[in-house]
């Protein structure tokens, strides 16, 4: 199978490429990525150097996406602006990429006759929960941040094309991910990086916000199952069945690294900060036989160990040096990486 992976140089996308290469050696992944600040070719370095995947630098808003999707057996769509705080400051890029870009990609896939499209979304489209309850696939969409609103819009576009044009698509909505290669503006890698450096850990409000955490490897196995066996036109929730308050997570990271809790610094709460997310993923478990396998304590230890063992990667990202990798390696070896 020739599989196009949009946003494949990002956190979840690159992990899915590695998962694919490990479990489906007969598949041919092609990574399409604009390489914004969150896209890092170093995330794919071994696979690129070994010629096990191809890379195309392209904006999903570009009409040339049509050429990239031709001949593909499936497209898995990760490409998105995803950081809530950035969307609060300026939502324009989120509307352009998440809404316009998704629509452009849908149109290209329809024109090229791509037989399978998996749209990767987020539980944030559902909004916020109180102290009880879970999000199901039937929960109303009530996004509270500009980021979540643009993802909800892209979900609805995909599903509208399924119903109106018989577009062969499936949508997934996942809870908070953590694991290797995550950009350190996100909560867990930021806490790890700050703790390793002995610097303050900024925690919003009182740290009482609850998230349902899933290791990115479990997310990848769920996506694999949905890509191959999910029913067209359906939405599948993906969750880790692991609710943790932000303050609890920060304390666990400090304890694992042998740092004092005095490093925690409470900062002004985020605007429109959702209180709690919790995913009901019974539909996915029942229909496709998927289960999360990595417990949070184990997953967090593995994640912290990865960042400790990959300090050059972390330093390059935090200083911006990772962006030089594209110029030094991709431009010089374009014929090797490009299809």
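Taken together, the values in this text are just the output of simple stated rules run on the coordinates, not laboratory data. Given the structure is predicted, the values throughout are model-derived calculations rather than measurements. A quick note on method: Cβ atoms are made from the backbone with ideal geometry, for glycine too, and the neighbour counts reach across all protein chains shown.
Miscellaneous remarks
- Spin-label zone in the stretch 302-319 - amide nitrogen under 11 Å from a point set 7 Å from the Cα of residue 199 along the C-beta vector: 315, 318-319
- Whole-Å distance, taken between Cα centres, linking the stretch 94-119 and the stretch 1-32: 18
- Relative contact order of the chain, pairs being alpha-carbon contacts under 8 Å that are 6 or more residues apart, as %: 19
- Note on 18, 165, 77, 83: ascending count of other Cβ atoms within 10 Å places them as 165, 83, 18, 77, the fewest first.
- The stretch 140-183 versus the stretch 293-323: alpha-carbon centroid distance in Å: 26
- Here the label points at residue 62 and residue 315, each 7 Å from Cα along the C-beta direction, are separated by 3.3 nm in the simple model.
- GNM flexibility winner over the chain from 224, 316, 212 (Cα, springs under 10 Å): 316
- Gain upon complete extension [residue 156, residue 132; 0.36 nm per residue less C-alpha separation]: 6.0 nm
- Rh by Kirkwood over Cα pairs, then Stokes-Einstein D for the stretch 71-182 at 1.002 mPa s and 20 °C, µm²/s: 145
- Each 5 Å bin from 0 upward holds the following percent of the Cα-Cα pairs of the stretch 46-131: 3, 12, 19, 20, 16, 14, 9, 4, 2, 1.
- Label-point separation in nm, residue 260 to residue 282, each point 7 Å along Cα→Cβ: 4.8
- Among 1, 311, a tally of other beta-carbon atoms within 10 Å of each Cβ gives an order, fewest to most, of 311, 1.
- Candidates 51, 101, 113, ranked by Gaussian network fluctuation over the chain, Cα under 10 Å, top entry: 51
- Neighbour-count order for 253, 294, fewest beta carbons within 10 angstrom listed first: 294, 253
- Calculated mean residue ellipticity, 222 nm, the chain: -11000 deg cm²/dmol, from DSSP H runs (n ≥ 4) at -39500 (n - 2.57) each, averaged per residue and rounded to 500.
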